[in-house]
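*Asks:* To start, I am sharing the structure in question, which I have written as structure tokens.
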Amino acid sequence: MNEKEIIIEEIKSKQITADSFVDVAYILSSKAWIETFKNFKNPGSLSVVSLLNEHMFVVQNPSVLIEKYNNPEIMKETSVDLIRLGHKDMIIMSFELIKNYCKKTKQLNFYELPWFNSARLIRNSFSHNFKLDFSLKGKYPIPNHELQFSDKIIKFDQKMNGKDIDFDIFPIKYCSELVEMMKKSLLDDLA
């Protein structure tokens, strides 16, 4: 595999992980698991095998989990946190992988790609409490710009400064679409 193909595979794995976090949040919030957990005797364990190791997760008292996730506020907060975590990693790592590839291959046109400023703002927001902050000084000023998604144009201007980037403003599907834009640029626009 060449370097671009390796990066594409890494980005795809981040996409799969982000989708899996959505799946876990769905399973968690469906509460279908609660009936099964009621039958567990203390402690319960789960083995997860990665490429290098086997990881054992132990739940000392399954009834504590049931009690915790029967609270709708905790359920909502945990589900949002899981989804944000997966999509944060996907956006940040995709951006950084492509940026590092461009630096390594001395391709300055990375900063001119149509999605660059929007992706940089979103990446920075996801890295810093999910808030847009246009006050960050750098060599790439924040102009008024917009990015076209499948069903909407998002305009990044001073009115958005300080706003939370939540799933109402930047839905999960736009996270995925942005990463697809990045992958397409890597394949089509960068040497």
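*Asks:* Which ones in region 27-56 are within 18 Å of Thr78 (Cα to Cα) and out of contact with any helix residue (DSSP H, G or I) (no Cβ under 8 Å at 6 or more places or on another chain)?
*Replies:* Passing the criteria: Ser30, Ala32.
*Asks:* Among the numbered criteria (1) closer than 25 Å to Lys184 by Cβ; (2) loosely packed, with under 11 Cβ neighbours inside 10 Å; (3) under 23 Å from the mean Cα position of the chain (by Cα); (4) hydrophobic (A, V, I, L, M, F, W, C), which one does Leu51 miss?
*Replies:* (1)
*Asks:* For region 1-117, which fully contained helices (runs of 4 or more DSSP H) count at least 2 residues that are of a type in the set (Ser, Thr, Tyr), at pLDDT 90 or above and under 30 Å from Lys131 (Cα atoms)?
*Replies:* Filter on region 1-117 gives 3-30, 72-104.
*Asks:* Can you find even one residue in region 113-130 that is more than 26 Å from Val22 (Cβ to Cβ) and of a type in the set (D, E, K, R)?
*Replies:* no
*Asks:* Among the residues in region 65-84, are any under 20 Å from Lys184 (Cβ atoms) and in contact (Cβ under 8 Å) with a residue 60 or more places away in the chain?
*Replies:* no
*Asks:* Within region 66-84, can you find the residues that are charged (D, E, K, R), surrounded by fewer than 16 Cβ atoms within 10 Å (Cβ to Cβ) and closer than 23 Å to Phe170 by Cα?
*Replies:* Glu73, Lys76, Glu77, Asp81, listed by residue number.
The values are calculated or read from the model by the stated rules, or taken from the named source; none is laboratory data. No experiment lies behind these values; they were computed from the predicted model shown. Backbone-built Cβ (ideal geometry, glycine too); neighbour counts: all protein chains shown.
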